[in-house]
Amino acid sequence: LKIKQFHYFGTGAGLPSLFRNVSAMAVDFENEWFLFDCGEGTQQSIIKSPYKMSRLTHIFISHFHGDHLYGLPGLIATMQLQGIDHDLTIIAPKGIQAYLDSVFQVSGTKIKRQINFIELDPLKTATNIYTHSSFTVKAITLSHRITCFGYRLEMRQMSGKFDNNKANELGIPKDQSRKMLIQGETITLSDGRTIQPSDVVSDPIYNPHFTYVTDTRVCPEISELAHGTDYLHHECTFSNDEEELAEISGHCTVGQVLDIAEKAEVKQLHLAHFSSRHDKRTFRSLIKEKPFQIFLTKDDFSIEARL
Ligand SMILES: [Zn+2]
Ligand SMILES: [Zn+2]
């Protein structure tokens with residue numbers, strides 16, 4: 001898997017407003033996509049977008065505040081009504097299964113599909129919590145008012161491209177030997193010639209990583225999780241003169257986030273989770289020139305993954 005695009009369904013903090021829905025975003029791998037947080041109304045935004053619920057395979061919930069969670073039961077129930085029945089993995093703080101069970105129990109809904117729950121207890125250091133053939137997920141507890149996790153998708157690096165024409169020229173038989181070269185093994189042909197993988201396979205292709213950090217004050221855990229990530233999604237709730245409010249409510253100001261991203265040496269920063277006190281101009285005016293690309297996201301907005 002390689003990230004192709006990011007899409008923002010909701011970019012507001014706390015409560016929906018006329019212009020911003022509450023938190024939800026997609027990481028798109030073309031044939032499947034992952035949802036990060038699921039505030040109320042997310043399913044309508046998904047329906048309006050090019051994203052199909054039938055390709056959604058993993059859902060990550062950062063924490064249980066309503067603006068990140070209340071859309072989840074509705075989304076799962078809708079997928080069932082649409083007949084979507086492939087396996088779904090939900091990664092969230094401990095209690096997610098009990099929450100969904102109670103909603104579905106009181107509403108008399110029986111969810112038939114297989115849901116694989118990964119429930120997390122607080123994590124003091126960045127820890128591997130999930131391994132897939134194409135990526136691993138690291139999580140750490142951030143600093144918010146309730147337990148909140150940051151997630152990092154460490155993508156598996158991709159092997160280089162096999163040059164079929166060159167392999168034919170060198171007379172490499174179309175059998176196991178090609179597979180061995182792709183896997184990095186040196187082979188000897190029947191005529192005694194030795195072929196190195198580098199003769200027919202290009203250098204490995206870098207596969208960028210993604211880190212999702214929302215609803216947190218400034219804390220060392222962010223850097224521990226995000227250091228060296230290529231794409232960083234970060235909350236950006238308040239303006240720079242609201243540091244005290246940010247501290248009390250467990251959030252960050254624009255200036256704090258720019259500092260965090262710079263120290264973490266990220267390549268691209270995506271800002272979201274904006275307080276409804278401010279419109280876009282306030283946030284835009286606080287963005288400073290930095291050695292990385294910065295996107296102020298908005299609802300129904302996509303960013304192509306080009307790194
Ligand atoms: Zn929030
Ligand atoms: Zn919160």
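If you scan the range 1-43, which residues turn out to be away from ligand 2 (no atom under 16 Å from the Cβ), assigned to a loop (DSSP other than H, G, I, E, B) and of a type outside the set (K, R)? If the condition is that a residue be away from ligand 2 (no atom under 16 Å from the Cβ), assigned to a loop (DSSP other than H, G, I, E, B) and of a type outside the set (K, R), then L1, I3, S17, L18, F19, F29, E30, N31, E32, G41 are the ones that fit.
Against the list (1) open to solvent by 10 Å² or more (accessible area, probe 1.4 Å); (2) over 19 Å from H234 (Cα atoms); (3) within 16 Å of ligand 1 (Cβ to nearest atom); (4) not charged (D, E, K, R), the condition G74 fails is (3). Note on the range 97-125: residues that are over 15 Å from H58 (Cα atoms), open to solvent by 30 Å² or more (accessible area, probe 1.4 Å) and among the aliphatic types (A, V, I, L, M) total 5.
Applying the criterion of at least 3 residues that are under 30 Å from G250 (Cα atoms) and touching a Ser or Thr at 6+ places or on another chain (Cβ under 6 Å) to the strands (runs of 3 or more DSSP E) found wholly in the range 95-162 leaves 149-155.
Residues in the range 64-86 that are assigned to a loop (DSSP other than H, G, I, E, B) and more than 9 Å from ligand 2 (Cβ to nearest atom): Y70, G71, Q82, G83, I84, D85, H86. Determine whether L88 is open to solvent by less than 10 Å² (accessible area, probe 1.4 Å) and within 14 Å of ligand 1 (Cβ to nearest atom). No; evaluated as a whole, the condition is false for this residue. Considering each residue of the range 232-243 in turn, at least one proves to be farther than 22 Å from I303 by Cβ, within 16 Å of ligand 1 (Cβ to nearest atom) and of a type in the set (F, W, Y). Yes or no: T216 more than 16 Å from ligand 1 (Cβ to nearest atom) and closer than 24 Å to A24 by Cβ? No: the conditions fail for T216.
For (1) in contact (Cβ under 8 Å) with a residue 24 or more places away in the chain; (2) farther than 29 Å from L307 by Cβ, each residue gets a yes or a no:
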| residue | (1), (2) |
| --- | --- |
| S239 | yes, no |
| G250 | yes, yes |
| V254 | yes, no |
| E262 | yes, no |
| E265 | yes, no |
| L269 | yes, no |
| R281 | no, no |
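Any residue that is of a type in the set (G, A, S), within 16 Å of ligand 1 (Cβ to nearest atom) and either touching a residue at least 12 places away in the same chain (Cβ under 8 Å) or open to solvent by less than 50 Å² (accessible area, probe 1.4 Å) (or both) - is there at least one of those in the range 136-158? Checked against the condition, which is being of a type in the set (G, A, S), within 16 Å of ligand 1 (Cβ to nearest atom) and either touching a residue at least 12 places away in the same chain (Cβ under 8 Å) or open to solvent by less than 50 Å² (accessible area, probe 1.4 Å) (or both), the range 136-158 yields at least one hit.
If we keep just the residues of the range 251-307 that are of a type in the set (S, T, N, Q), part of a strand (DSSP E or B) and open to solvent by less than 70 Å² (accessible area, probe 1.4 Å), which is farthest from S143 (Cα to Cα)? It comes out as S302. So, K124, is that one away from ligand 1 (no atom under 16 Å from the Cβ), among the basic types (K, R) and farther than 23 Å from L225 by Cα or not? So K124 fails the test. Scan the range 47-65 for residues that are more than 16 Å from the chain's Cα centre (by Cα) and more than 16 Å from ligand 1 (Cβ to nearest atom) and jot them down. Answer for the range 47-65, where residues must be more than 16 Å from the chain's Cα centre (by Cα) and more than 16 Å from ligand 1 (Cβ to nearest atom): I47, K48, S49, P50, K52, M53, S54.
The values are calculated or read from the model by the stated rules, or taken from the named source; none is laboratory data. As the structure is a computational prediction, the values presented were derived from the model and not from experiment. Neighbour counts are summed over all protein chains in view; Cβ atoms, including those assigned to glycine, are modelled from backbone coordinates with ideal geometry. Side chains included, ligands, DNA and RNA excluded: accessible areas come from the protein's heavy atoms. Shrake-Rupley method; radii C 1.70, N 1.55, O 1.52, S 1.80 Å.
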